[in-house]
Amino acid sequence: MLTPERHRLILQLLKERNIVKIQELVDVTNTSESTIRRDLTQLEEGKFLKRVHGGAARLQGKLQEPSMDEKSSKNLQEKRKIAQYAASLIEEGDCIYLDAGSSVLELIEFLPKKNIVVVTNGLMHLKPLLDRKIETYLVGGYAKPKTNAIIGRGAMLSLENYRFDKCFMGVNGIHHEFGYTTPDQEEAMIKHLAISLSREAFVLADETKFSEIAFAKIADLNKATIITSGLDKETENLYFSKTSIKVVTT
């Protein structure tokens, strides 16, 4: 089978299944594993798919944006591990910003019982923060129904009044060339501003976010430390050369 034929077949299978294993592709194309790995590398470089452990996955649409409920139910175990480590970085007297992401929401349960102040644009973050009696400030602006995030001009003006020791971010895509991205440009602007107002910035992301590219750029990779889990060595090596990264293990 010629290379273009294999590439078309691989992409067709991804449209049907979203994820395919290397061994499946070896069987269906009647070719070697090394050839399939080379095909996947070429297709990933062409932005047609992303490599995952043991195979390949279809790239999400650049404007595709799951709801907060959908995001909260995915990869929950990995998110909790990441969140617990992120919370351990918070120190006595810190002023922190919590972005309206599902991974960041998990962090609230692990916040230390210390003298800290939290600013957030996440509506779903309010109740767990208040339940824990943490001093909390909510930025003003437009309440976006799908993600329960406060965005827009009012949020930007409100956020500019603060300075943070640390901020914790969720993103839709992390790419070694295009940085951190999200589908909504207004959310991207809020995230970018919060990073710029923080002494230290952290992106909380499970392995599914890597090699994804959404519509609106937030920042370059080196603007934040990535906290993640379960990356394969090839992906780890690619991102270690671009920014600080902490891979959390059990």
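The values are calculated or read from the model by the stated rules, or taken from the named source; none is laboratory data. Note that the structure is a prediction, hence the values are computed from the model and not measured. Counting neighbours? That spans all protein chains shown, and the Cβs are built from the backbone with ideal geometry, glycine included.
Out of everything in the stretch 174-219 that is of a type in the set (G, A, S) and in contact (Cβ under 8 Å) with a residue 60 or more places away in the chain, what residue ends up being farthest from K144 (Cα to Cα)?
The extreme case among them is S211.
Show the residue pairs meeting these rules: Cβ distance below 7 Å; 6+ apart or different chains; first residue within the stretch 239-250 and within 19 Å of E78 (Cα to Cα); second residue crowded, with 16+ Cβ neighbours inside 10 Å and among the charged types (D, E, K, R).
Going by the 7 Å Cβ cut-off, the qualifying pairs are V248/K81; T250/K81.
When you scan the stretch 3-20, do you find a residue that is at negative phi, touching a helix residue (DSSP H, G or I) at 6+ places or on another chain (Cβ under 9 Å), hydroxyl-bearing (S, T, Y) and not in a strand (DSSP E or B), even just one?
yes
Within the stretch 158-168, can one find any residue that is of a type in the set (G, A, S), in contact with a helix residue (DSSP H, G or I) (Cβ under 9 Å, 6 or more places away or on another chain) and in the same structural domain as I213 (by TED's automatic domain parsing)?
no
Out of the strands (runs of 3 or more DSSP E) lying entirely within the stretch 45-142, which hold 1 or more residues that are surrounded by 14 or more Cβ atoms within 10 Å (Cβ to Cβ) and at pLDDT 95 or above?
Once the strands (runs of 3 or more DSSP E) in the stretch 45-142 are filtered for at least 1 residues that are surrounded by 14 or more Cβ atoms within 10 Å (Cβ to Cβ) and at pLDDT 95 or above, what remains is 95-98, 117-120, 135-138.
Sort through F168, F215 and tell me the only one that's closer than 22 Å to A87 by Cα, under 16 Å from the mean Cα position of the chain (by Cα) and aromatic (F, W, Y).
Going through F168, F215 in turn, just one is closer than 22 Å to A87 by Cα, under 16 Å from the mean Cα position of the chain (by Cα) and aromatic (F, W, Y): F168.
Can you tell me which residue among A201, A214 is out of contact with any His (no Cβ under 8 Å at 6 or more places or on another chain), modelled with pLDDT of 95 or more and either within 20 Å of N75 (Cβ to Cβ) or not assigned by TED's automatic domain parsing to the domain that holds F48 (or both)?
None of the other options fit; the residue is A201.
Quick check, is K114 more than 28 Å from L221 (Cβ to Cβ), touching a residue at least 24 places away in the same chain (Cβ under 8 Å) and more than 16 Å from the chain's Cα centre (by Cα)?
For K114, the condition - more than 28 Å from L221 (Cβ to Cβ), touching a residue at least 24 places away in the same chain (Cβ under 8 Å) and more than 16 Å from the chain's Cα centre (by Cα) - is met.
When the residues of the stretch 1-48 are filtered to those that are β-branched (V, I, T) and closer than 23 Å to T235 by Cβ, which remaining residue is nearest to the chain's Cα centre (by Cα)?
I19
Please go through the stretch 223-250 and pick out each residue that is surrounded by fewer than 20 Cβ atoms within 10 Å (Cβ to Cβ) and modelled with pLDDT of 95 or more.
K223, T225 - these are the residues of the stretch 223-250 that are surrounded by fewer than 20 Cβ atoms within 10 Å (Cβ to Cβ) and modelled with pLDDT of 95 or more.
So, E187, is that one acidic (D, E), assigned by TED's automatic domain parsing to the domain that holds G93, crowded, with 18+ Cβ neighbours inside 10 Å and within 14 Å of A100 (Cα to Cα) or not?
yes
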